[in-house]
Amino acid sequence: MRLPALRAVLPAPLAAAPAAARLAARLAARLAARAAALTAALVSPTIAPLGAQAAGAPAAAAPARVTAIRADRLIVGDGTQLLDPVVLVQGERITAVGTAAQVAVPRGAAVIDLRGHTLLPGFIDAHTHLTSIDNDGGDLAALRETPAHGAIYATVNAERTLRAGFTTVREAGSLGYVDVAVRDAITRGLIPGPRIHASGPALGTTGGHADVNGWSPFLQLPGTGAIVDGADAFRRQVRLNVKYGADQIKIVATGGVLSVGDAIGAPQMTAEELAAAVSEAARLGRRVMAHAHAGDGLLAAVRAGVASIEHGSLVSDEAIAEMKQRGTYLVPTLIILEEIVRDGAAKGVPPYAVAKATAIAAERRVRLRAAFQAGVPFALGTDATSDIHGRNGEEFRYMVEILGATPMEAITIGTRNGARLLGVDRDLGTVATGKLADLVAVPGNPLEDITRLQRPAFVMKGGAVFVGPGGR
């Protein structure tokens, strides 16, 4: 920076005076020094250009190392497969997918060799109860236990579920918003587990499937969900669930197998209550899952606009047509009813519940197969409680046996369809570039033996390996 000579700008008489000359010299020297300091500051190498790293500050993190995964085949999740695949993962995302001839492995990449295995998307269970280990539908747990018990159970069951290859689950009701707390703990990395879509407490009516029934009227008993009556009460409870962190809303539209004193097809919500719950959830950006086994209660829930019917055991032809037209999903929870019939008595399931399940068992298989063959969209859900946690993959076998699905169709139901139902198909459900790196590998070929999905040898969630080479 250059400054004009001070003498050139002073009046002539003042400049000619000796004292004035000395003063001018001093002022010029000071101004010149300041200008030099300012110039040095502007060009100093210790001052970083805009957007550059300042001296002494931490260096920017290096890009995450690329991981290349090889396998015999890749089942994409959309009904297609690739032989001799390579999947590249960087950070939590998939960066490339193709055959070995199409995708070059970058120099320095970590390579996970899964030859002899089939690679698939992470599985999605759209109906779980991670907070539960009971066999009676939760009645005694509601009487004897606290939400703290549920948090402990969920911590254990979440890891079992993840290790079974299920990287995403949708919780179907949890007292005390325990599912919300466990979801957040997993997201923060405090405990291992799948991505949880939390419901908070299910919404049910007095004396219904979500209530604890058959006890003395002089006892003030809690429900296994939030017990509400009337449209305004349903609307308020939806708001409360969303306020406290629910990702979706669970309602109880009909009777159930594990509840005392109700028929499984009996409607338990009025049309006004259904409309209030669904419309309020939609206003708040939440979808609704409806427990419904049969009859007018199931059909009314479909017509009210729920996203999915849970169980759907005796779904009618009329309801099938309505669900197909609206795109309403059916989550059949096959494993739990099959095991109640077969093993319920030995596991301590109440006799009334075993009797209910047995009475509908044969017709249930017929009706669910009819719905699947008619084109109703299905998503995988286990209703996991008791010892089903960690055995979620057995549901695939029941879909083949009961619904008549091919192994490829069953896999699509348990991956892409689940992601679509949960509204996360942009990130999950198929193996594709840009999606989250949720991946599972099983030995051999599950298209030849669907039970291979029960024994994953490799599980990755968000680019982190939890089972298999490099696992935690």
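The values are calculated or read from the model by the stated rules, or taken from the named source; none is laboratory data. Nothing here was measured: the structure is a model prediction, and the numbers come from that model. We place every Cβ from the backbone using ideal geometry, glycine too, and count neighbours over all the protein chains shown.
What's the total number of residues in the range 74-94 that are in a strand (DSSP E or B) and surrounded by 17 or more Cβ atoms within 10 Å (Cβ to Cβ)?
Result for the range 74-94: 11.
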Checking residue 160 against (1) crowded, with 16+ Cβ neighbours inside 10 Å; (2) touching a residue at least 24 places away in the same chain (Cβ under 8 Å); (3) closer than 30 Å to residue 213 by Cα, the condition it does not meet: (3)
How many residues are buried (at least 21 other Cβ atoms within 10 Å of the Cβ) and part of a loop (DSSP other than H, G, I, E, B) if we restrict to the range 109-127? 1
Is it the case, given these coordinates, that residue 173 is of a type outside the set (Phe, Trp, Tyr), part of a loop (DSSP other than H, G, I, E, B) and in contact with a Pro (Cβ under 9 Å, 6 or more places away or on another chain)? yes
Do you know which of the residues in the range 258-285 that are under 23 Å from residue 332 (Cβ atoms) and at pLDDT 95 or above is nearest to the chain's Cα centre (by Cα)? 281
For the range 226-254, name all the residues that are surrounded by fewer than 24 Cβ atoms within 10 Å (Cβ to Cβ) and part of a loop (DSSP other than H, G, I, E, B). 229, 230, 244, 245, 247
From the list 310, 322, pick out the single residue that is surrounded by fewer than 18 Cβ atoms within 10 Å (Cβ to Cβ) and either under 21 Å from residue 266 (Cα atoms) or of a type in the set (A, V, I, L, M) (or both). 322
Among the listed residues 441, 405, 437, identify the single one that is closer than 19 Å to residue 73 by Cα, among the small types (Gly, Ala, Ser) and in contact with a Phe, Trp or Tyr (Cβ under 8 Å, 6 or more places away or on another chain). 441
Which listed residue is of a type in the set (A, V, I, L, M, F, W, C), in contact with a helix residue (DSSP H, G or I) (Cβ under 6 Å, 6 or more places away or on another chain) and touching a residue at least 12 places away in the same chain (Cβ under 8 Å), from 253, 246, 266, 282: 253
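Go over the candidates 49, 106 one by one and state the one that is at pLDDT 50 or above and either over 27 Å from the mean Cα position of the chain (by Cα) or assigned by TED's automatic domain parsing to the domain that holds residue 171 (or both).
So the residue among 49, 106 that is at pLDDT 50 or above and either over 27 Å from the mean Cα position of the chain (by Cα) or assigned by TED's automatic domain parsing to the domain that holds residue 171 (or both) is 106.
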Just to be sure before I move on: is residue 125 in contact with a Phe, Trp or Tyr (Cβ under 6 Å, 6 or more places away or on another chain) and at pLDDT 95 or above in the structure I sent? yes
Those residues that are assigned to a strand (DSSP E or B) and either within 15 Å of residue 154 (Cα to Cα) or not assigned by TED's automatic domain parsing to the domain that holds residue 259 (or both), I need them from the range 193-208; list them, please. 195, 196, 197
If you go through the range 403-419, how many residues are under 20 Å from residue 309 (Cα atoms) and surrounded by fewer than 18 Cβ atoms within 10 Å (Cβ to Cβ)? 2
Quickly run through the range 202-225 and pick out the residues that are out of contact with any Gly (no Cβ under 6 Å at 6 or more places or on another chain), under 23 Å from residue 180 (Cα atoms) and crowded, with 23+ Cβ neighbours inside 10 Å. 203, 205, 223
Grab the helices (runs of 4 or more DSSP H) fully contained in the range 359-454, keeping just those with 3 or more residues being in contact with a helix residue (DSSP H, G or I) (Cβ under 9 Å, 6 or more places away or on another chain) and in contact (Cβ under 8 Å) with a residue 40 or more places away in the chain. 394-398, 407-412
The lone condition residue 336 fails out of (1) modelled with pLDDT of 95 or more; (2) among the aliphatic types (A, V, I, L, M); (3) in contact with a Lys or Arg (Cβ under 9 Å, 6 or more places away or on another chain); (4) within 23 Å of residue 212 (Cβ to Cβ) is (3)
The lone condition residue 310 fails out of (1) at pLDDT below 95; (2) within 25 Å of residue 140 (Cβ to Cβ); (3) not β-branched (Val, Ile, Thr) is (1)
Considering the range 128-144 alone, what residues qualify as being touching a Leu at 6+ places or on another chain (Cβ under 9 Å) and in a loop (DSSP other than H, G, I, E, B)? 131, 134, 135, 136, 137, 138
Residue 153 meets each of (1) in contact (Cβ under 8 Å) with a residue 12 or more places away in the chain; (2) of a type outside the set (A, V, I, L, M, F, W, C); (3) more than 29 Å from residue 419 (Cβ to Cβ) with one exception, condition (3)
